[in-house]
Structures are given as C-alpha cells and as structure tokens.
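Heads up: the structure comes next, in structure tokens.
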Amino acid sequence: MNAVRLLSAVKEDSRLRALNALRDLPAVADLIELCFAPTMDNDGQRYINEMRRAGQDDGFLRWAKYVAETASLPLMGFVWEEDNRIVGNASLVQFRDQGKRVYLIANIATHPDYRHRGIARALTERSIRAAHDKSVSALWLHVRNDNPDAIDLYTDLGFKEFTRRTSWAASSSTPQTLSPHALQVMPRHPRFWSQQQRWLRRLYPDSLVWYSQWNVNALRPGPWAWLSNLFADLDVQQWAATRNGTLRAALSAVSNGGRAPTLYPAADATIAGAAEALTQLLVHARRCFINHPALTLDFPANEMTDAIMAAGFIPRRTLIWMQHSLS
C-alpha cells in the first residue's frame, strides 16, 4: 500500500478544511506574514499585499472560483481553524510543465502559539491527497535549509530532495572596480549562444523552469526571440566576458514591467577564468543598473559562491527543492 493510500485512511480533523477564497485570503496573508516576516523579501511582501487586496476586491472574489487552478495567487489549499481563527495554512499553487499540471505546496505555516501539535503534518498530508485526487504529474515544495524540523517532516511524508538553490541579492555597497586581467566584457554576440545555452540548461534545468515561468529561449539571439519578448513585456540585456576571444562566462538581465532585473549567469566553474569572468559581469550589471539596486539572482547552492560574493552580492536564503512521487 503506497503512502497516498495510507494517508487517505486517516480520519480528517474537523478543524482542517478547504481554503475559502471568498473569506480567508486576508487572514491567510496575516498568518504567512507573521510566520515568515524575518526572512521575507520585497517580492514576498508584494505577494502578501496582493493577497490582501484580492481579499477585499468583491469583483475579484466573484470570479475567483473559476480561476482557482490558474491564478498565481493561492486560491486553493487548506487551512486549520481553531479558536475561531485560522492558525494553519497550506496553499496549493498550480503550474504547467509542458502541458501537464504541477502542484507546488506553498506557504505551509502554523501560528507560533499552535506549533508542535501536528498541524503542519495534517495540512501537508491533506495536500498530498488533493494532488493525488487531481492526478497531477508532479508535487513539489521547497524548504529553507536551516529548518531541520520541516525537512524531517517532509522527508517522513515521502518527499525527496531534488536540488538546492541559493537566492542572492546585491548589497547596498557601491560596486567595485575590477582590474580586467585581459578579460573583455562586451554585449553578448550570437556566436556565443550555443555555449551559453549549454551552461544555462544545466544551471536552470527544464525540471524547474515551470516554477519561474521563464525559459532559456527568451535569451536566444534573433528577431523571433526579440518579438516574443516584446509581446511578453520582457526587457533582456546580455553580456559576455571573453579572454583571447574565448567565452569565459555570460550574463543575462531580464526585467518585466519595469521591475528590477533578475540576473541569469551562465558559466562553468571548471573552465579557467570562469569565476573571475562571472565577477566582472556581475559588477558590470550592477553599474548598468545603478538606478535599480535590488538586483537578484538564483543559482545552484555552493557553486561559484566566492565569485558572486566578490561582486557584492549576499546570500538571501538557500532552498531545498523536494518532490513527492504520486505513483
């Protein structure tokens, strides 16, 4: 008997119920903010604010039930209600991966006064059953690497680590000026695309692209990529660092709707000079976007760490991505 069947045999507590988007969003937003405030970044706070606005928008709430499985806001999931208030939450956010449905269990939160009572476990178990009932192709969650209790819980429920990724943010310090050491920074030339693409597909694998809703093809040279990015309101800038005409690293800056750009480095640490080239490119990007100091990037954990820090970026958090088999 597999884990899902075992979970379905457990009698569900009456305090656990499905999220009701018509009334629960503001309370869930308050709970998430309470639980994650110490580690919440600007994007996270923006997300919380959008939940609160949606919860007060009668027009949105009238059609929310029709878009629950396609909206970016957490309109599906489960809450734990006790003492006439929501003290636990697990959101289900749907994505598409090559036409197949993927569920991300997000915002697993328990009010500090109600922890260590099995609430998070019950909410996660119920989310697993819901994903199984919907026959989704994959079920994911991510957890901070400094949260051993949560890691143990998810492992016990059948989740397995897939990868670890670190989010970086530019510090408030002025970007340093680096000696070029025969490195040349230039706009990315189409002839570098083949090598850049190979590096990008390893660093930003297809197995996780569904979450970012971005793909490597947005960086492809040529008029079709330019036209596609124009319709998607994507602004893309790219540079290459070369030595003696050979590509050592590449960097792409992608922004949407005027927001601060997200950086996508492409490099291979085994290539001589790659770390130095990456540092040069990141410093160059910080100078190009001096009016957008909130630059961020996401990178495999423990890769090119010294090179990224040398460019004035600081680690924000490292997330463990975990996947649950529903077969």
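The values are calculated or read from the model by the stated rules, or taken from the named source; none is laboratory data. What you see is a predicted model; the values in this text were computed from it and never measured. Cβ: placed from backbone, ideal geometry, glycine included. Neighbour counts: every protein chain shown. The area values use the complete protein model at the heavy-atom level, side chains included, leaving out ligands, DNA and RNA. Shrake-Rupley method; radii C 1.70, N 1.55, O 1.52, S 1.80 Å.
Odds and ends about this structure:
- The set of residues in the range 271-295 being closer than 22 Å to Thr318 by Cβ and open to solvent by 30 Å² or more (accessible area, probe 1.4 Å) consists of Ala275, Ala294.
- Asn229 vs. criteria of a type outside the set (D, E, K, R) and more than 19 Å from Ser212 (Cβ to Cβ): no
- Some residue of the range 169-189 being closer than 12 Å to Leu219 by Cα, surrounded by fewer than 16 Cβ atoms within 10 Å (Cβ to Cβ), more than 21 Å from the chain's Cα centre (by Cα) and modelled with pLDDT of 95 or more: yes
- Where helices (runs of 4 or more DSSP H) fall entirely within the range 1-102, those with at least 3 residues that are more than 18 Å from Ala122 (Cα to Cα) and either at pLDDT 90 or above or out of contact with any strand residue (DSSP E or B) (no Cβ under 7 Å at 6 or more places or on another chain) (or both) are at 25-36, 42-55, 58-64.
- Residue match in the range 123-138 (condition: surrounded by fewer than 21 Cβ atoms within 10 Å (Cβ to Cβ), part of a strand (DSSP E or B) and either free of Cβ contacts under 8 Å to residues at least 24 places away in the same chain or out of contact with any Pro (no Cβ under 7 Å at 6 or more places or on another chain) (or both)): yes
- Residue check, Leu247 buried (at least 23 other Cβ atoms within 10 Å of the Cβ), under 20 Å from Pro187 (Cα atoms), within 22 Å of the chain's Cα centre (by Cα) and among the aliphatic types (A, V, I, L, M): no
- Residue under evaluation Leu227, criteria (1) open to solvent by 50 Å² or more (accessible area, probe 1.4 Å); (2) touching a Leu at 6+ places or on another chain (Cβ under 9 Å), criterion not met: (2)
- Qualifying residue in the range 254-262 (condition: assigned to a loop (DSSP other than H, G, I, E, B), open to solvent by less than 70 Å² (accessible area, probe 1.4 Å) and without any contact (Cβ under 8 Å) to a residue 24 or more places away in the chain): yes
- Residue under evaluation Ser194, criteria (1) surrounded by fewer than 18 Cβ atoms within 10 Å (Cβ to Cβ); (2) touching a strand residue (DSSP E or B) at 6+ places or on another chain (Cβ under 8 Å); (3) hydroxyl-bearing (Ser, Thr, Tyr); (4) at pLDDT 95 or above, criterion not met: (2)
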